[in-house]
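Q: Can you read through this structure? Questions will come right after.
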């Protein structure tokens, strides 16, 4: 019986790309946690976690530049999203 989509088996993803993606997802989650922890007893820990995650993504951007422009662009986008989550305040409170 033939496979329904044999072209998919030809796709190989490097372990370093998977690791970079996992780190980026965790760092964006850390920025989100930091934002949600504001005003709670976890605020200080959330801010420290977010600053650490920003430093990790910054270092990852430096490594990704050596891997190619696509990897660097994805890391830079993640860094920009994390910065927007951390800095932007879209609340309508006075």
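The values are calculated or read from the model by the stated rules, or taken from the named source; none is laboratory data. For clarity, every value in this text was computed on a predicted model and none was experimentally measured. We place every Cβ from the backbone using ideal geometry, glycine too, and count neighbours over all the protein chains shown.
Q: Identify, from the list 77, 83, 40, the residue that is touching a residue at least 12 places away in the same chain (Cβ under 8 Å) and either surrounded by fewer than 16 Cβ atoms within 10 Å (Cβ to Cβ) or under 16 Å from residue 22 (Cα atoms) (or both).
A: Step by step, each of 77, 83, 40 is checked, and only 83 is touching a residue at least 12 places away in the same chain (Cβ under 8 Å) and either surrounded by fewer than 16 Cβ atoms within 10 Å (Cβ to Cβ) or under 16 Å from residue 22 (Cα atoms) (or both).
Q: Wholly within segment 8-94, which helices (runs of 4 or more DSSP H) include no fewer than the required count, namely at least 2 residues that are at pLDDT 85 or above and either more than 13 Å from the chain's Cα centre (by Cα) or at positive phi (or both)?
A: Answer list for segment 8-94: 15-36, 43-67.
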